[in-house]
Amino acid sequence: MLLKRKKCPNCGAYYDPTLEKCPACHKHNELYLNREINDKIAFMHPFAQIGLFLGGFALAGMLIIEIIFALFLKNAIADKTALDATLISCTYITMIGGLGFIVFLTRRKHFLSKYTRKIDYIYGLAYMITLILVSSLVGAFTSLFHEAANNANQSTAVAFSKNYPLLAFFVIGILGPICEELTYRVGLYSFLRRINKYLAFAVTVIVFAFIHFDFDATDMVNELWAIPSYIVAGAVLTLAYEHRGPACSMTAHVCYNIFAFLTILAS
Ligand SMILES: [Zn+2]
């Protein structure tokens, strides 16, 4: 249980046990040296971790509500794709601003230090290839039982990419995955990881799958069949984060989304 503040044996100050040194006297934290804490992932203040999750989750929730609301207005609004593209872009720009502000306010040096090792990006590419392979396998397997069709989330992404490719590249390819990694891995997973590794993994994977689920879709069966591939994708990204930290999981997620974007354009 790493939620409790650690008492420094040297000066008696209380501090977050995920820190490498006591912030008061700079004596090394023996928990940190014993590697009981994975310093690649548990580097933000617990309040910042909750803040990243709640901030990102609330904005993603608002986006889903707005898109559902837009469906009811579809007769009044001529171009649904233009509306979706605007809503998605505005949401992710607000999200990166808000999440970036939380990082800027708390331990930004710790945060930035996680992006300096080249090896993490190379592992990120390996996880991205794994992601492509396992999601193709899951897709092939589910298509044995259910004729493959895009779920609501994918249909929106396809229309957005085909009509506004440059904007979609930045928003769906880069901004979206970075926001999702900050919300679900740096935020939710890292916070729950302080309590229990397996709980953190299970909750993160399930929450990640269901934010890609459209509860108002006309074809609910189709939405449900898309869930296994999101669970597998969430599991691979969470493993990437646990293994090498945020540079790795962000590389995997960004590259995977760009790959998916290029596949849409080519089709
Ligand atoms: Zn101290």
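For the chain, which span is the longest to avoid every loop-located (per DSSP) member of trypsin sites (Lys or Arg not before Pro) having at most 12 other Cβ atoms inside 10 Å?
Values: sites that count: Lys4, Arg5, Arg35, Lys74.
Longest stretch, sites excluded: 75-267.
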Practice problem: Could you tell me which of Thr116, Asn257, Leu199 has its Cα farthest along the dipole of the chain towards the positive end, charges placed at Cβ (Lys, Arg +1; Asp, Glu -1), taken about the Cα centre? | Solution: Thr116
Practice problem: Set the Förster distance to 22 Å, then compute FRET efficiency between His146 and Phe210 from the Cβ-Cβ distance, nearest 0.05. | Solution: 0.70
Quiz item: If you put +1 on each Lys and Arg Cβ and -1 on each Asp and Glu Cβ, how big is the dipole of region 153-267 around its Cα centre, in Debye rounded to 20?
Solution: 480 debye
Exercise. Taking the Cα centre of the chain as origin, sum charge times position over the Cβ atoms of Lys and Arg (+1) and Asp and Glu (-1), and report the length of that vector in debye to the nearest 20.
Key: 1440 debye
Quiz item: Cα extents of the chain along the three principal axes, largest first, in whole Å?
Solution: 67, 39, 30
Quiz item: Among Pro17, Gly61, Val232, whose Cα lies farthest out toward the positive end of the dipole of the chain, if unit charges sit on the beta carbon of Lys, Arg (+1) and Asp, Glu (-1)?
Solution: Pro17
Self-check item: Lys/Arg +1, Asp/Glu -1 at C-beta; region 123-220 dipole; positive extreme among Tyr189, Val171, Ala159
Solution: Tyr189
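Do any GluC sites (Glu not before Pro) in region 117-214 lie in a DSSP loop with no more than 11 other beta carbon atoms within 10 Å, and if so, which? Before the final figure, lay out each step's value.
On the way: sites: Glu147, Glu180, Glu181; in loops: Glu147.
For GluC sites (Glu not before Pro) across region 117-214 that sit outside H, G, I, E and B with at most 11 neighbouring Cβ atoms in 10 Å, the list reads Glu147.
Read the figures in this text as sums done on the coordinates, not as results from a lab. Because the structure is predicted, anything quoted here is derived from the model rather than measured. Counting neighbours? That spans all protein chains shown, and the Cβs are built from the backbone with ideal geometry, glycine included.
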